[in-house]
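Nothing in this text is a laboratory measurement; each read-out follows from the coordinates by a stated rule. Predicted model only: the values in this text are computed from it and were never measured. Backbone-built Cβ (ideal geometry, glycine too); neighbour counts: all protein chains shown.
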Number of protein chains: 2
Amino acid sequence: MAGSFSYDTLFSENSSDTPLSAVKHAKYDFAVAYPAPETLPMDGLIQALRTAVDSDSGKTAREMAYYPHQLGSQELREYTSAKLASDRGFTVGADEIVLTNGSGEANGLVIQALTNPGDVVLAEDFVYMGTTNQLRRFGADIRGVAIDDGGIIPEELDEQIATLTAQGEKPKYLYTIPEHQNPTGSTLSAERRKAILDVAHRHGMPILEDDCYVDLRFEGETQPAFRTLDDSGIVVYVASFSKLLAPGLRLGYFTATPEVMRRALGFKIGSGPNQFAALAVEGFLRNNLDSHRDSFNPVLRSKRDAMVASLAENFGDTGATWSIPQGGCYVWLTMPETADIAAIRDEVFEQGVGYVAGTNFEADASGRIGKNCARLCFAFESVQKNTEGIALLAQLFKQHGQM
Amino acid sequence: MAGSFSYDTLFSENSSDTPLSAVKHAKYDFAVAYPAPETLPMDGLIQALRTAVDSDSGKTAREMAYYPHQLGSQELREYTSAKLASDRGFTVGADEIVLTNGSGEANGLVIQALTNPGDVVLAEDFVYMGTTNQLRRFGADIRGVAIDDGGIIPEELDEQIATLTAQGEKPKYLYTIPEHQNPTGSTLSAERRKAILDVAHRHGMPILEDDCYVDLRFEGETQPAFRTLDDSGIVVYVASFSKLLAPGLRLGYFTATPEVMRRALGFKIGSGPNQFAALAVEGFLRNNLDSHRDSFNPVLRSKRDAMVASLAENFGDTGATWSIPQGGCYVWLTMPETADIAAIRDEVFEQGVGYVAGTNFEADASGRIGKNCARLCFAFESVQKNTEGIALLAQLFKQHGQM
C-alpha cells in the first residue's frame, strides 16, 4: 500500500502539527546568532582527536564504543570544572556538571524541572527567544523585567516581585543572560548582580543564569557570575561551547544543586551528549583556550567596530540609537518609537539584509515594545559586509518610509 | 551564602528525584550493549573530517558556525537516503529523514507524538528496556506480544489485538526490533513481516520499526524491512549509526509521514544533532561503508562463535538453551524455569561477570517470565574473554545453586 494510512485519531493530545522552520540566509545576514566562522578552530579540533587516538592505546576508541554517561564525557567535565574555577572563580566538581546538547538542552531540562503550567517566570524585557519559546512550551507565564543599558534594574525587579506576589502570582524563578546579553548586548555590573541576589534571596526565587557569551569579551572587564557571588544553590548556571568554539559541536552544560541536577536529568531523552565532539573540545581547549580567545576576540572587535561605524555613518542623524557591546555577537538597534521595522522585516530580508525584529525578544510576547528595535549580529559576516550591509539597511529603511 | 537555598516547593509536579545511574563494568562485561571497540574506525572518521575541511574552501567551517538544521546535517541526510535505497530498498528523500541524538531520541520523539497516558502499546515480550522505559515515562500501558525463536507470531498478535480491542483497550501501536532483536537475537522472516503488516492494517495500528542492528549481519540473509514492504505510512522507521560506527557519535534517525515527522519534531528540545559527528560519519561512510561492514562483521562472528562454543562446553548438559544469532550483539540465554538468575545478578557481577537479567526486558515489567533468562553481549569483549567469561559464569551459577 502507498500513502494511505491515516494517523488522524492516533496523535497524542499534547502534540501539535508545527511547520518545520526553513533556514534561509540573506545576503547580509545579521539575523543569525552565530560566531565568526573564520575563527572556528577546525584544524585544532581535528588535531585534538588525532592526538587522543594516537596517545592512549585504544582507550579513546573504547570509550567511543560506550553509550556516553548521563552527565557526558568525564574528561570534558573535569576540564569544564577547571575552566569554571579559573575563568569564573567558583568551584564545582566534575560530577556537579551536566554536559548537554548545547545550552538549549540545559535550559530545557532545568525549565522542565522548575515549571508547572501557569507558573509566572521572569526574564529580561528583551531576551533570547529560544528560551522564551521553551518557557512557553512548558506553560510558563513569562513577565518581562525592566532593563536599561546596564541590564536588569534591581529596585524595579524587587518591586515587580512584591506586586506579583501580592496578586498571588509569585514568580517561580528569573531567567537572565547577564554577560553580553542576547539581544541587547548589555552586561550587568557586579553591584547589580549582588543587589539582584539579595532580591532573589528575600523572595526565595532561584536565578537561571545563562552565561553562554562570557568567553566573547574583547573590551572592558568580565563581571563575576551570579554563581560566583553565591554558593547557596539559588543560582543554576548554564553555559556553552557553541559561541567559544562552534554551534555545530552541540555542547553546553549546567551546574546546580544535586537535587536540581537529578530532577532536570529526569527529563532527558537518551544518553549523554556526543563523546566524539567532547573529545575534540576537551583536547583542543586544554591546550589552546587562551590562544583561541586571543585570536577570535580581536576579530569580533573589528567586526563590531565596522558595524558600529557604519551605523554612525548611516543612522547618525535619524534619532536611532544602538548599543556598543563589549563582547558577544549583537548590536541592539533602537529606531524612533514611531518606526515599525518588525512589519517590514520580511521584505528587507528579501532585499538583502537580515535582522531579527525586537518583537521576537519581548519576554511576554505582547508586541508592546519591540517593533522599533532589531538585533543585529555582527559576528558572522565579514568586516566589509558589516559595513556594506548596514548602509544597505539604512537605504531600505528609507525606502520603506521608516527613516 | 553557601548551600542553604531550598527548592522544596519549587520543583514541577511532573519532575521526580531519580538517582543517577552509575556506570560500572564487570571484568567480563556481557551486560553492555556496545559494538566491538577494536573495529571502531576512529582513524577513518578523523580522516573524513580532515578531507572535508581541506577540500571545500571554508564551507565546512561555515556550516559548523551554524546551529544545525532541525532535521540535522543535509549531507548526512542525503547519504542516509541513498543508503536506505541501496541497503533497504525503499525511497525517501533527505527531507523525509530526521537525524537525532542516537535512535533513543528518535524513539522518544515518536513515542511522544503517538502516546497519551494510559494508551496500550504492544512490544515483543522481551524487548529493549531503553524503549520500554521511555514508553512508561510517557504513560504507555505496555503489553507483551508472544514471540518464539522467529520473533513475533502474527496469529497470536492478531488475536491479542482483537481481544484487547473487545476489552476497550485497543493498542495504539506496535514497537518492534525485527532484525537481530534486542535482547533475543531473533530476526523476523519476510513472511511474518507481511503477515504482521496485514494485521496492522486490519486494526489500523502503526508499527514503530527499530532497525538499529541491520548492518550487523554476519550470516544468513537480511530480511526486508517493514518499511520496505509497506509504503502506506503505517511504518515509522528508526535506525542508528551507533552500532554500525560508534555509540559515542550519538547519531540516529527516523523517517515517517510528513505529519508524524512534524508532530514528533514538536517535542524536540534544542536544534538538530551535532554537525561535527555528522560530517565525520557522512565522509567516512560515503567511501567506506562496505569495507567497514566487511571488516567488523567477521570480528562479530568470531566473538559470537567463541561465546556460543563456551556456552556449549559449560552449559551443554544443564537444561539451558541459548540463541545463535546471525548478527547483532546479543545471545539470549534461557536457564531451566526453576532458575532465578535475576536474583543473583548483582553478586555475579561483583564476582566478575556482567549480564542483564531477562526481567529487565519484559514488556509489561511483570516479573513473570524473565527471571531464568539473561542477555549476553558478545560484541564488546574479546574472543578470549567471551570464552573465559562464559566458563566463569557457569562456575558462578553453580556456586549460587542455579545449575
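In the calculated pair distance distribution of region A:36-159, what percentage of Cα-Cα distances lie above 23 Å? Don't jump to the answer; show the numbers that get you there.
Values: 4327 of 7626 pairs.
Within region A:36-159, distances greater than 23 Å cover 57 percent of Cα pairs.
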Listed residues A:Lys170, A:Lys59, A:Lys27, most fluctuating in chain A (Gaussian network, C-alpha, under 10 Å) = A:Lys59
Based on the alpha carbon coordinates of the protein assembly as shown, what radius of gyration and maximum Cα-Cα distance (Dmax) apply, in Å?
-> 27.6, 94
Looking at A:Ile177, A:Val53, A:Ser271, which one has the Cα that reaches farthest to the positive end of the dipole of chain A (charges on Cβ: Lys, Arg +1; Asp, Glu -1)?
-> A:Val53
Rounded if a/c is under 1.5, else prolate if a/b is larger than b/c, else oblate: which is region A:348-403, with a ≥ b ≥ c the root eigenvalues of its Cα gyration tensor?
-> oblate
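If you take the square roots of the eigenvalues of the alpha-carbon gyration tensor of chain B and sort them as a ≥ b ≥ c, do you get rounded (a/c under 1.5), prolate (a/b over b/c) or oblate?
rounded
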Pop the C-beta distance of A:Gln395 and A:Val23 into the FRET formula with R0 = 25 Å and round what comes out to the nearest 0.05.
-> 0.45
Using a Gaussian network model of chain B with C-alpha springs under 10 Å, which one of B:Val53, B:Val238, B:Val353 is most mobile by mean-square fluctuation?
-> B:Val53
Expected unfolding gain across B:Thr91-B:Asp364 under the 0.36 nm per residue rule, minus the alpha-carbon gap, is 94.8 nm
Using the Cβ atoms and a cut-off under 15 Å, what net charge is assigned to the surroundings of B:Asn360, where Lys and Arg are +1 and Asp and Glu are -1?
-> -1
Note on the protein assembly as shown, DSSP bridge orientation, antiparallel percent to nearest 5 equals 55 percent
Using the Karplus curve 6.51 cos²θ - 1.76 cosθ + 1.60 with θ = phi - 60°, work out ³J(HN,Hα) for each residue of region A:333-341 in order, rounded to whole Hz, and write x for Gly and Pro.
-> 9, 10, 7, x, 4, 6, 6, 10, 8
Which value, in debye to the nearest 20, describes the size of the charge dipole of region A:43-288 about its Cα centre when Lys and Arg Cβ atoms bear +1, Asp and Glu Cβ atoms bear -1, and nothing else is charged?
-> 860 debye
Starting from the Cα gyration tensor of region A:260-403, take the square roots of the eigenvalues, sort them a ≥ b ≥ c, and report rounded, prolate or oblate (rounded when a/c is under 1.5, otherwise prolate if a/b is larger than b/c, else oblate).
-> oblate
Might you report the magnitude of the Cβ-based charge dipole of the protein assembly as shown about its Cα centre, with Lys and Arg at +1 and Asp and Glu at -1, to the nearest 20 debye?
-> 540 debye
For chain A, built as a Gaussian network whose Cα springs stay under 10 Å, the top-fluctuating residue of A:Ser103, A:Ser295, A:Ser240 = A:Ser295
Over the protein assembly as shown: helical MRE at 222 nm, DSSP H runs n ≥ 4 each giving -39500 (n - 2.57), nearest 500 | -12000 deg cm²/dmol
Using a simple spin-label model with points 7 Å from Cα along the Cα→Cβ vector, what separation in nm is obtained for B:Thr222 and A:Glu350?
-> 4.6 nm
B:Arg143 long-range amide H proximity, modeled H, under 5 Å | B:Val121, B:Leu122, B:Ala123
If amide H atoms are built 1.01 Å from N in the plane of the peptide, which residues on other chains or at least 5 residues away come under 5 Å of the amide H of A:Val356?
-> A:Arg375
Given 0.36 nm per residue, what is the gain on full extension from B:Thr318 to B:Asp148 after removing their alpha carbon distance, in nm?
-> 59.1 nm
Could you give the Stokes-Einstein D for region A:214-328 in µm² per second, using the C-alpha Kirkwood radius, 25 °C, 0.890 mPa s?
-> 142 µm²/s
Could you give, in nm with one decimal, how far B:Asp231 is from each other copy of that position, shortest first, with labels 7 Å out from Cα toward Cβ?
-> 6.6
Stretchable slack from A:Ser232 to A:Asp198, in nm (0.36 nm times residue separation minus alpha-carbon distance) = 11.0 nm
